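*Asks:* Before we start, here is the structure in question, set down as structure tokens.
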Amino acid sequence: MKPLFTWAAACALATAAPAAWSAPVLFGATATATVTGPATSMLGAASGYAGGAGGNVTAVSDSAVDPEYISDDFAIVVDLGSDGRLSFVDNTGAGSWAGRYEMEFSFTGAAAFGGIVFDELSALSAGSAVATLLSPSSFRIVFDGVQLSGGFASLGATLSGPAAVSAPGTLALAAMAVLLMSGAQRRHAVAR
């Protein structure tokens, strides 16, 4: 019985930290963006960065060449990664975004969002950058009086999915290990 108990204990230890799964947050998603402030619309890659009806709707792509959006005053380039990484790049070369830009992004076909946070602000020398989750499928970004450390600098944020969910198979293995251990202990007690 001792080998069985040892095997069951090893299984329990191996499954003590259950594996979790999470899909890329924006994989296969389509975005719709709006902006108020010095810019009045967001120009999407799907429309060739042209204005007009539907010009603010684009698919999220991990292309290194084509960012998803450019503000219509050409000051801010927005790149959305399927992994939830967001980059906001100064496209003026001057290193400043005068005024207050309020951008809203909503998504279809995306995983539910759990949070958003600016985590790369080293280029921000004055002003503020605020990210707010509006719903499980939308968020707002506000830049107010932003001064950057140099032209073409960028700020970064990360959009996270919901809390990871334990894999069902891992939980079943852990339950089996507990049952085997309790059975081995019961047989050992009866044998004495």
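*Asks:* Just need a number here: residues in region 51-77 that are in contact (Cβ under 8 Å) with a residue 24 or more places away in the chain and closer than 18 Å to THR108 by Cα.
*Replies:* Of region 51-77, the ones in contact (Cβ under 8 Å) with a residue 24 or more places away in the chain are 56-60, 68-73, 75-76.
If we keep only those that are closer than 18 Å to THR108 by Cα as well, we get 56-60, 68-69.
Adding up the residues that qualify gives 7.
*Asks:* A further question on this structure: Step by step: first the residues of region 93-114, then only those that are among the hydroxyl-bearing types (Ser, Thr, Tyr) and within 25 Å of the chain's Cα centre (by Cα), then the one that is surrounded by the most Cβ atoms within 10 Å (Cβ to Cβ). Which residue is that?
*Replies:* In the first step, residues of region 93-114 are kept if they are among the hydroxyl-bearing types (Ser, Thr, Tyr); the result is 96, 101, 106, 108.
Subsequent filtering for residues that are within 25 Å of the chain's Cα centre (by Cα) retains 101, 106, 108.
Numbers: TYR101: 22, SER106: 17, THR108: 11.
Selected residue: TYR101.
*Asks:* How about region 125-144: which of its residues are surrounded by fewer than 13 Cβ atoms within 10 Å (Cβ to Cβ) and not β-branched (Val, Ile, Thr)?
*Replies:* ALA126, SER135
Results for (1) at pLDDT below 95; (2) assigned by TED's automatic domain parsing to the domain that holds SER106; (3) surrounded by fewer than 17 Cβ atoms within 10 Å (Cβ to Cβ), shown as yes or no for each residue.
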{"site": "PRO38", "(1), (2), (3)": "no, yes, yes"}
{"site": "TYR49", "(1), (2), (3)": "no, yes, no"}
{"site": "ASN56", "(1), (2), (3)": "no, yes, no"}
{"site": "ALA59", "(1), (2), (3)": "no, yes, yes"}
{"site": "ALA64", "(1), (2), (3)": "yes, yes, yes"}
{"site": "ASP73", "(1), (2), (3)": "no, yes, no"}
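*Asks:* Of the residues ALA17, ALA8, which is surrounded by 15 or more Cβ atoms within 10 Å (Cβ to Cβ) and either modelled with pLDDT of 90 or more or farther than 17 Å from ALA131 by Cβ (or both)? Working first, answer last.
*Replies:* On the way: ALA17 fails: surrounded by 15 or more Cβ atoms within 10 Å (Cβ to Cβ).
Just one listed residue meets the conditions, ALA8.
*Asks:* I would also like to ask the following. I'd like to check something: does region 34-50 contain any residue that is farther than 26 Å from GLY150 by Cα, in a loop (DSSP other than H, G, I, E, B) and in contact (Cβ under 8 Å) with a residue 12 or more places away in the chain?
*Replies:* No, that holds for no residue.
The values are calculated or read from the model by the stated rules, or taken from the named source; none is laboratory data. Quick caveat: nothing in here was measured; it's all calculated off a predicted structure. Please note: Cβ atoms are built from the backbone with ideal geometry, for glycine as well, and neighbour counts cover all protein chains shown.
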